[in-house]
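Before I ask anything, here is the structure I am working with.
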Amino acid sequence: MSFTSGASRWPDVWLATTARGLSSCGDFLAATALTLALQSAGAGGLAVSGLLLAATLPLVALAPLTGRLADRVDSRVLLVATGLGQAAICVALAYATDPVLVMALVALLAIGLAITQPVLAALVPVMVRAEDLPRAGALNQTAGTLGALAGPALAGLLVGQYGTRVPLLVAAVSYLALVVAALLIRTRRGGRVPAAAGVAAAAAPLWRLRRDPLLLVMVGSVAAVVGAVGAINVIEVFFIRATLDSSTTVYGLVTGSWTLGIVLGAWLFARVARRLADDGALLGAGLVLLGGCCLAVLVSAAVPAAWILVPIWLLGGVANGGNNVFDNLLLARRVPDAARGRAFAVFGAAVQGGGMAGYLVGGLLLEVAEPRPLVAGCGVVGLLVVAALAWPVRRAVRAERAAVPATAPPPVGVAG
């Protein structure tokens, strides 16, 4: 499915992953700083969920547009323009005081993320051979999750010492990494399609998610589970800070433990992915890992102190990281290169849409219930959803295995 035909371009992979890591740090630094500011000012769950919705809605609403932009506009142009725009928005956020203006700027910041996510996700497979994709994907995910790990921890430290302005200005600087990387990366996609890619380009308009039952079930499964447990993203700041009586620094370190687990899980399961040429096996294994994420959330409701959350959330993050590797590999294998921007945008929109439902539910429930039972409820509901998804996943895998030998050679695999 249109991987590079020559040697893998690892310098480009490293540039892209470094840019993703630094910009991801900026995303989480800004979001965590603003969340802590709201909670410290006495805002309730609805205010926090409103902030998270403002940061998520553009990723869902604009997915059809941003996916096509990623496929049709030069990747360098998009990354340079978006990086500069996000840096400017973060500077404006650092000096904004009106709550409505803050929400609007957060939404604008998310528009930039809605563009860069599919651009970078679709660019990496073009840089490497098929057999190198699990490693390249793990590198890319590691960079993003290390940024997500550093962002909350750094926000906890900086907000406690300097308030919200300094971390937002630091986040503005981090977005400039996108600009530098875009100018240095030699691999490009989008814009004018080279003649050699004519076949893939012709096939791209024919690609639709609904025509691939395996991918359709994968996207639906992840979105459903994220929707079931997504309320934890609103509840956690009140659970850790109020129920467990922890500082902003501890909050940043605890939330970062899940992200560290994602890094470990990406590398651990990248080795497994190299040996799974069967796409049905990837889908089934991904559902098991989603169950592991939900189990970690359920167990965390029983802890008496915040530090005990660290190993629990670390294991949950490992499962999360493995599922991310499997999902990204399935998309890269089964979608033509010229349509990958749309595919990653659709996937991201489905996941973020599930998260939005969780944010809204979490904000409403915090008005009537305490954080601890809500954390337990998130875990229970998530496990029930995973159990309910087992049958459609099994049916899709059986249909895939029955159809592929009779109609076409297996999807592009990877060497063991």
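The values are calculated or read from the model by the stated rules, or taken from the named source; none is laboratory data. Remember, predicted model here, so these are calculated numbers, not experimental data. Glycine gets a Cβ as well: all are built from the backbone with ideal geometry, and neighbour counts include every protein chain shown. Heavy atoms of the whole protein, side chains included, go into the accessibility calculation; ligands, DNA and RNA do not. Shrake-Rupley method; radii C 1.70, N 1.55, O 1.52, S 1.80 Å.
Starting from one equal scatterer on each C-alpha and no solvent at all, send me the Debye-based log10 I(q)/I(0) for the stretch 73-173 at q = 0.17 Å⁻¹, two decimals.
After summing over all Cα pairs, the log10 values are -0.90.
In nanometres, what is the gap between the two model label sites at residue 398 and residue 369, each 7 Å from Cα along Cα-to-Cβ?
A separation of 3.5 nm, rounded to one decimal place.
Would you please put 273-285, 63-75, 389-401 in order of how densely packed they are, using the mean number of other Cβ atoms within 10 angstrom per residue and starting with the highest?
63-75, 273-285, 389-401
Taking R0 as 56 Å, what FRET efficiency do you get between residue 84 and residue 388 from their Cβ-Cβ distance, rounded to the nearest 0.05?
0.80
State in Å² the accessible area per residue of the chain; use a 1.4 Å probe, count heavy atoms of protein chains only, and round to the nearest integer.
41 Å²
For the chain, what is the mean residue ellipticity at 222 nm derived from helices alone (per DSSP H run of n ≥ 4: -39500 (n - 2.57); sum divided by total residues; nearest 500 deg cm²/dmol)?
After summing the helix terms and dividing by the residues of the chain, the value is -27500 deg cm²/dmol.
Here's a follow-up. Using amide H atoms built 1.01 Å from N in the peptide plane, name the residues 5+ places from residue 246, or on other chains, whose amide H lies under 5 Å from its own.
Here the answer is 241, since their amide H atoms fall under 5 Å of that of residue 246.
Per-residue accessible area for residue 131 at 1.4 Å probe radius, Å² rounded to 10?
60 Å²
Tell me, what is the percent relative contact order of the chain, built from C-alpha pairs under 8 Å that lie six or more residues apart?
This gives 29 percent for the chain.
A further question follows. Test of understanding: express the Cα radius of gyration of the chain as a ratio to 2.2 N^0.38 Å, with N the residue count.
Cα Rg divided by the expected 2.2 N^0.38 Å: 0.94.
Can you compute the label reach from residue 173? Point 7 Å from Cα along the Cβ direction, backbone N cut-off under 16 Å, restricted to the stretch 68-109.
87-88, 90-92, 94
Another question, if that's okay. Accessible surface of residue 145 in the full protein assembly, 1.4 angstrom probe, to the nearest 10 Å²?
10 Å²
Need one value: the accessible area of residue 290 in square angstrom, 1.4 angstrom probe, rounded to the nearest 10.
Approximately 10 Å² of residue 290 is accessible to the 1.4 Å probe.
Could I ask something else about it? Share of the chain's accessible area from carbon and sulfur, percent, 1.4 Å?
Carbon with sulfur: 69 percent of the solvent-accessible area.
Okay, moving on. Could you give the nm distance between label points at residue 10 and residue 165, where each point is 7 Å from its Cα heading toward the beta carbon?
Inter-label distance under the simple model: 4.6 nm.
Can you give the extra length, in nm with one decimal, that the chain gains between residue 183 and residue 131 once fully stretched, where that is 0.36 nm per residue apart less the Cα-Cα distance?
16.0 nm
What is the dipole size for the chain, taken about its Cα centre, with +1 at each Lys and Arg Cβ and -1 at each Asp and Glu Cβ, in debye to the nearest 20?
Once rounded to the nearest 20, the dipole reads 1240 debye.
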